[in-house]
1. Return the distance in nm (one decimal) between the two label points of a simple spin-label model at PHE172 and LEU8, each offset 7 Å from Cα along Cα→Cβ.
2. Treating only the Cβ atoms of Lys and Arg (+1) and Asp and Glu (-1) as charged, compute the dipole magnitude of the chain about its Cα centre; round to the nearest 20 debye.
3. Given H placed 1.01 Å from N in the peptide plane, which residues other than close sequence neighbours of TYR30 have an amide H under 5 Å from its amide H?
4. Can you tell me which aspartates and glutamates have their Cα less than 13 Å from the Cα of LYS169? Leave out same-chain residues fewer than eight positions away.
5. For segment 11-25, what does the Karplus curve 6.51 cos²θ - 1.76 cosθ + 1.60, with θ = phi - 60°, yield as ³J(HN,Hα) per residue in whole Hz, taken in order and with x for Gly and Pro?
6. Can you tell which of LYS96, LYS166, LYS44 shows the greatest fluctuation in a Gaussian network model of the chain with Cα springs below 10 Å?
7. Sorted from largest down, what three extents in whole angstroms do the Cα atoms of segment 4-172 have along their principal axes?
8. What residues have an amide H closer than 5 Å to that of PHE60, excluding those fewer than 5 places away on the same chain, when H is modeled at 1.01 Å from N in the peptide plane?
Amino acid sequence: MANIKLFLREYSSYKSSFKETSLDDNNNIYLCNDTSQEVINFDKLIENLYPNSNIRPKSFDAIFIYEKLIFLVEFKNQKPSKIDNKEVQKKLEDGKIELLKLFTQLNIQKNDYNFIYCVAYKECKEPTSRYKCGVEKGKTQFGLEKFIESSFVKKVYTENVSFFTKEFKKQFKKELMC
């Protein structure tokens, strides 16, 4: 059986950073400026596998791998209340299915790893309350809780980029400059 290192070698041409994968092309804004952590640019990988955009599955932006944890990261340059629930759900569904196809081709056992989906959105600057931003404290957003309940992923984080940065430092003892 192969392990995740084979995946990283096989797709090394898609190595990138959180900065590059957090780029909002439409507005030319980066949600994260960190270039120190290596990720796989999953959007680019899927674009190359499916050049025809009419049949291209949805995908999340980046994959960050830490030992047995595989973080599937989607950056959204929007207030949470403006994020399309179905879109972030479809990115998780299609993206994980495509990732597992690649694992199967490389003989990597998916059950050896825990998948965690992170949706990191822009800071909400509402002065009065989280409610106006469309956020409930401590609650999984965008209808993604069903993916935890069905064991599709082990955990889901739906928080702003600042939370993502703090949680990264807490989890991995590494600074993330977002």
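What follows draws every value from the coordinates through simple rules; no lab data is involved. In this text the structure is predicted, and so the values were computed from the model without any measurement. Ideal geometry is used to build each Cβ from the backbone, glycine not excepted, and the neighbour counts take in all protein chains shown.
1. For PHE172 paired with LEU8, the spin-label model returns 1.0 nm.
2. About 420 debye.
3. ASP24
4. Result set, ordered by chain and number: ASP34.
5. 10, 5, 5, 9, 4, 8, 10, 4, 4, 5, 7, 8, 5, 8, 4
6. Largest GNM mean-square fluctuation: LYS166.
7. 51, 35, 35
8. When sequence neighbours closer than 5 places are left aside, the close amide H contacts are GLY95.
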